[in-house]
Amino acid sequence: MTGPIITCVPDIFFMAKIRETAKALGITIVAHDVGRSPAAVAESEAQAVIVDLNSCGSSALDWICTLKSDPATHPIPIVGFASHVQQELINAALEAGCNTVLARSAFTQKLPSLLKSLAKRDGAENP
């Protein structure tokens with residue numbers, strides 16, 4: 001059994017969309033607040049982390065840096081999404097350690113394939 005995909009998405013309507021898509025794919029999603037300790041993320045055996053960069057603000061960038069600087073959580077892929085017009089935020093997230101940053105519209109469009117890809121980390125197969 002693979003671990004969950006951790007989401008830091010404060011927008012309850014957008015989070016519902018992510019949960020609904022994940023449920024249809026048989027993928028476990030666990031909501032966390034930005035700032036969760038790297039130890040807690042590692043203990044959850046997270047397959048990936050998804051961060052709403054717009055809603056979480058600068059604390060998300062600090063948290064991403066913290067996760068990527070900890071050996072236990074460094075290998076966990078982090079996917080961020082933001083408004084396409086916020087190029088400065090997108091660049092900052094990539095510098096902080098996000099593996100991928102998508103425009104919110106692209107994230108929504110690619111959500112099923114993205115979740116499948118993230119859940120297949122380390123060769124684990126989806127149902």
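From the list THR2, THR66, THR7, the lone residue that is among the β-branched types (Val, Ile, Thr), surrounded by 13 or more Cβ atoms within 10 Å (Cβ to Cβ), over 18 Å from GLY97 (Cα atoms) and in contact (Cβ under 8 Å) with a residue 24 or more places away in the chain is THR2. Taking segment 53-92 as the range and being in a helix (DSSP H, G or I), in contact with a strand residue (DSSP E or B) (Cβ under 8 Å, 6 or more places away or on another chain) and among the polar types (S, T, N, Q) as the test, only ASN54 passes.
Of the listed requirements (1) touching a strand residue (DSSP E or B) at 6+ places or on another chain (Cβ under 9 Å); (2) surrounded by fewer than 14 Cβ atoms within 10 Å (Cβ to Cβ), GLY97 misses just one: (2).
Each residue in segment 36-53 was checked for being under 13 Å from the mean Cα position of the chain (by Cα) and either exposed (fewer than 13 other Cβ atoms within 10 Å of the Cβ) or in contact (Cβ under 8 Å) with a residue 40 or more places away in the chain (or both), and 8 pass.
Annotation note: of ILE27, ILE18, ILE50, the sole residue that is out of contact with any Pro (no Cβ under 6 Å at 6 or more places or on another chain) and assigned to a loop (DSSP other than H, G, I, E, B) is ILE27. For the structure I just gave you, tell me whether GLU20 is acidic (Asp, Glu) and modelled with pLDDT under 90. Spelling it out, it is not the case that GLU20 is acidic (Asp, Glu) and modelled with pLDDT under 90.
Answer yes or no as to whether ALA42 is small (Gly, Ala, Ser), farther than 16 Å from PRO10 by Cα, at pLDDT below 95 and part of a loop (DSSP other than H, G, I, E, B). Show your work before the answer.
On the way: small (Gly, Ala, Ser): yes; farther than 16 Å from PRO10 by Cα: yes; at pLDDT below 95: yes; part of a loop (DSSP other than H, G, I, E, B): no.
No; evaluated as a whole, the condition is false for this residue.
The values are calculated or read from the model by the stated rules, or taken from the named source; none is laboratory data. As the structure is a prediction and not an experimental result, all values here were calculated from the model. Quick reminder, even Gly has a Cβ in these numbers, built from the backbone with ideal geometry, and neighbours come from all protein chains shown.
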